[in-house]
Every structure is written in structure tokens, then in C-alpha cells.
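Working notes, structure below.
Read the figures in this text as sums done on the coordinates, not as results from a lab. Because the structure is predicted, anything quoted here is derived from the model rather than measured. Don't worry about glycine lacking a Cβ; one is built from the backbone with ideal geometry, like all the others, and counts go over all protein chains shown.
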Amino acid sequence: MSTWHSVTLIRDKCKGCTTCIKHCPTEAIRVRRGKAVIVDERCVDCGRCIQVCPHHAKRAVCDSFDKLGGFVYNVALPAPSLYGQFHNLDDVNIVLAALTKIGFDQVFEVSAAAEMISDATRRRMRDKERLPRPVISSACPAAVRLICQRFPRLIGHLASHIAPVDLAAILARRAAARETGLPPEKNGVFFITPCPAKATAVTNPVGLSRPVIDGALDMSEVYLRLLPAMKKVENPPQIATSGIMGIGWAASGGESAALLGESHIAVDGIENIIKVLEDVEDGKLPEIEFLELGACTQGCVGGCLTVENPFAAKARVKQLMKFLPVSRSRMTDEIEPLSYMDTPLSHVPVWQFDTDMATAMEKHARIEALRERLPWLDCASCGAPSCRSLAEDVVMGFASEEDCIFRMRERMMYLSGTGDAEQYLPPPFREQKK
Amino acid sequence: MPDVVRLHYDVDGENFMAAGEASSAVKNVLRRLGFGEDLVRRAAICLYEGEINMVIHANGGAIDVSVSPQAIEMVLQDQGDGIPDIEQAMREGFSTASDRVRDLGFGAGMGLPNMRRYADSLEVTSEPGKGTRVLMTLRIAPV
């Protein structure tokens, strides 16, 4: 599997300010030579760094629209969060019709596949024995990757369905083959993504042995193309195939609502996810049947490729749902086998100190000893997010103790043999005068 | 350097909400050292039960964990009232927890029984009026 990530640094814009390293939930960023460096193995593409960077030096790389030119027939897979981006939209069909005017020949709603997955999960959850509780949603790739890294015990709780967009792609490709009779490589299937995690999953799918989508398109770019096209749509054909249950997946709470149960919780925001998963792992939430996880604020409408404020977008999706039937797509016996992962998820031990336990213990001891010598200020001047992570980096061989400006100062004082260190210390560290 | 990791935690007897912090921390360290999930889980349960007991019955205490490739040893020492009858305390469902504690969902009398179930060995020594010492060992099967 490639290590390609959608989340990418724009070098020229980066000031090396350490804001991103402090917010990264997996401590996957360091600053080196004045620029942020992403540690590929740890990055889960949640997009937090894109959201917090004051200099807009991080972006979510997607495919170019030009890629459509490589195919004879193109199908758009709009994420339901797209529908929350438009003012006064009262009919999803307008968006779908406009998509066929900006370069696509056909549209397959991701929300239709989401509805099928909700349908299957609802049925599977009726049988208590089959799925360990809580069942955890496997829809948000950032959350799934986080679980594989940090919560290996919960991997067995994941619903093991592929993401709705992957199922949508498989079904859209079959329909396209039937409709066009073209060889498979002539039909293109493109996802309109709200976030980098899903863009990365197009290239490196979660739980699938090979990619099933031809490209990920930036939702904000598609939005700009759609606006003028939507103005020209009059009396759109009825092509929407999803209802409340599918479109609800756009925002936090929708996926769990579609399961019609009571003990379901929807957690949005990756920091909140970490807290809740810790509680689940420690057995503190025994009553929860289903756990919906979305790494972004308010769920997918909060993805960093969306245009609209996530709270407003969620309200708009709710408004749209008023005019919709509950559900329009159901899981069939024929489709269901396609909706499961074909590659089991496993623990990705990026946090392990060493593969050899004795060496790991020795490293742990050195990390703890070094940590005691560091100032506990977590100032990030060393390029690591905290004193603890610097200690880890030093022992793992990625940094030096003198990267700490305080350690460096002590060393220089020692070398120069000069005395009064006190006066060069910043105020928080000066000894109290007796 | 010896292949032993030593971890120390002070358990705050005043803070119910913080109970479980030590077991969480130990869980994360064990995982990063490369221990398997079954062992990590058992160690976390044992320690959590011990931590809760120290908060409920003894106004806190101290936890010392030593980890080697052969075994995990956890010592919980408190300066509480002590346990007058240890055999009785080991029985499932036996608890001396106050009503207030029971209202919070603790005091089901499963703490020590759970520790005995999940640890490979459990030693409890107690002196009434002076405190209790709990030693739990989890042995690591050679690979």
C-alpha cells in the first residue's frame, strides 16, 4: 500500500510556527528547518492541521477535473454533505441534474449506498450475538485509522462495512458497464469529497484490497462549477434515489438516527472521538449499542473541503430532509456481500517503542529519564509538540537533546564557563528571590 | 540497563472522577512496549479495580508497577482502615461500601474477585488501622 496522503504542506506558505504540531491528534507533525514535516505513518488525514494553520500552508490534495478526460463516460458520486452547501435548495435533483451539465454523464448518490448500509447494519444489530457492543461505525476513514493505531482492542467492534462511497462506486461502475457496454477502463467514477481523509481513502482504501474509485474531487471546487449550472436547471428530472436516512449521513447524528435504536451516540470532532474511545475501551459506556464517529465538527459537513459553516450546513440538510421520504434504497441479498471489507483491519503499531520488548523497555526508561530533565513547558520550540514527545524523538533517534533551547542554553553556559544563568532565563523559569 | 520499567502513580482519594487514570496510563505504556491485547486488558482491569478500591475505602494511596519481559507486578499501598477479614472481602458480592458510594454505581463487591480472576496471583495483606497492601502479578508466557 502506498503512503500517499491528501494532507500536504505548501512549503512557501509555512512559517514554521508550531500551531499545527500542537493540534495534531496523532502527534504526526514536527517542525524542521523552519517548515512543518508530516510523519506519514502517523497521519490519519483528519485535516485538523488544515483547519488550524493561520497561514493556510496545509491543503487537501485532490484530483484535477482534467482527469475526467481520460474516460469516455463519467459518473459523479456526490457525498451527501454537498447538499448542505447551497442557499435555499429545496430539491436534491437540481444538484444532481447540474452535475450532468458540468462534465458528468451520470450520477450515483453516496447517500443511496449509505441507506443500504444503514439497512444492513440495522438488521445485523438485531442479532445481539453477531456483533460485539458497541458496534462502531466504519464510515469515517480518519476515525478508523485512529482506531487501528491507538485502540487495537476496538478494531473488532468496527461495523466492517466499506464506506458508503466505496459501495456507491462499485454499484455505479456496474450500472455504467451495463449502460455503456464499454470496457471497464473507459468508465470513470469520481467522488466529490468533503475532506482529505476520504480523498486519501480513494487512493488507499480502508478495508479494501484495491481502489474502487478513479478519483477524488475537491467539494469546494465542484461547488464553484455547480453554482452557475444549477441556475440553468429547470424542472429537474427525478433522479434522486435516497431519502432522509441516507442524506442524514451528511451530518453528525444522521448515521445513528438511521439505525432507529435508542442507545446510539454520535461523536464529532477527533479530540472528542479519542476521549469517547478511551471510555469505551475502559468499559465505562456499557449501555451504548452503536457509536457513530466523525472526525470533523458536526460530521462530514465540517470537512475542510466544504464551503459552508458546518452548523449552517447541517441545518440546511435538515431542511432538505423535510421534503423527502424516509428511505428509497434498500440493501438486497445480491448487493450485501459487496458491502463488506475484503481486507481485515489490523493494529498499526506506530506507537510501539520497539518491536523487541526488552529494547522497548530500555527506550522507555531513557525517555522517562530524559523527560525529567526537560522543562515541562511544552513550548514546541524544539519542533516537537511537547517535552514528552521530544524525549521520545531523541530516544527514537529523530532529534537531539540540545534541540531543547533550555538544554542548549545549559550546555553553552557549561562550555563557556560563565556563571549567571538566571538572568538569561525567561520569567517563568527564574528562581524566586529569597 | 535492566529490562525493567518502573511506573509510579499517586491516587487522589478525594477525586472520584480521576480514578482510572493510573490504569489508563499503564495500559498505554504496556501497549507501547509491545504487550499483547489480552495482557494489556487484564492488567488494566486489575489496576482499575484496585484504584477504585483505594478511592472508595482508603482515601487514596500509591501504585507501583514494575514491568519486565517476564512479568508485570503491581503493588497498591494505602493508609486506610485496613480489611479486618480478607477472606470475607474476597467473596463475590461482599462490600462495605457506603450507600453514597453505592449510589454512584460502585460497591458491587466485585473488585477483589475481579482482581483475583484477571491476575495470575493476588496477595492481600492488611493491618487494621494502618492500611492495605495489594500485590498482583501477571506472568508473561514465553514466546
Cβ-Cβ FRET estimate between residue A:381 and residue A:4, R0 fixed at 51 Å, reported to 0.05: 0.95
Residue (of B:107, B:128, B:68) at the positive-pole extreme of chain B, dipole from beta-carbon charges: B:68
Estimated FRET transfer efficiency when R0 is 56 angstrom, pair residue A:309-residue A:416 (beta carbons, to 0.05): 0.55
Segment residue A:260-residue A:39, extension gain: residue separation times 0.36 nm, minus the distance between their alpha carbons: 75.6 nm
Filter on B:27/B:130; A:363/B:27; A:67/A:101 - keep pairs with C-alpha separation over 20 Å: B:27/B:130
Most fluctuating residue given options A:71, A:190, A:398, as computed from a GNM of chain A linking Cα atoms under 10 Å: A:398
Listed residues B:98, B:24, B:126, most fluctuating in chain B (Gaussian network, C-alpha, under 10 Å): B:98
Förster radius 56 Å - calculated FRET efficiency between residue B:98 and residue A:221, Cβ distance, rounded to 0.05: 0.35
Inter-site label distance for residue B:71 and residue A:234 at 7 Å from Cα along Cβ, in nm: 8.6 nm
J(HN,Hα) series, the stretch A:194-209, from Karplus relation 6.51 cos²θ - 1.76 cosθ + 1.60, nearest Hz, glycine and proline x: x, 7, x, 4, 6, 5, 5, 5, 5, 7, 10, x, 8, x, 10, 6
For residue A:7, distant residues with modelled amide H under 5 Å away: A:61
Check: the protein assembly as shown dipole with +1 on Lys, Arg Cβ and -1 on Asp, Glu Cβ, in debye: 1680 debye
Distant-in-sequence amide H partners of residue A:340 (H built 1.01 Å from N, under 5 Å): A:162
Whole-angstrom gap from the stretch B:1-79 to the stretch A:59-113, using each part's C-alpha centre: 52 Å
Of A:372, A:336, A:271, the one that fluctuates the most in a GNM where chain A has Cα springs shorter than 10 Å: A:372
Total charge dipole magnitude, the stretch B:5-139, about the Cα centre, Cβ charges on Lys, Arg, Asp, Glu only, Debye to nearest 20: 480 debye
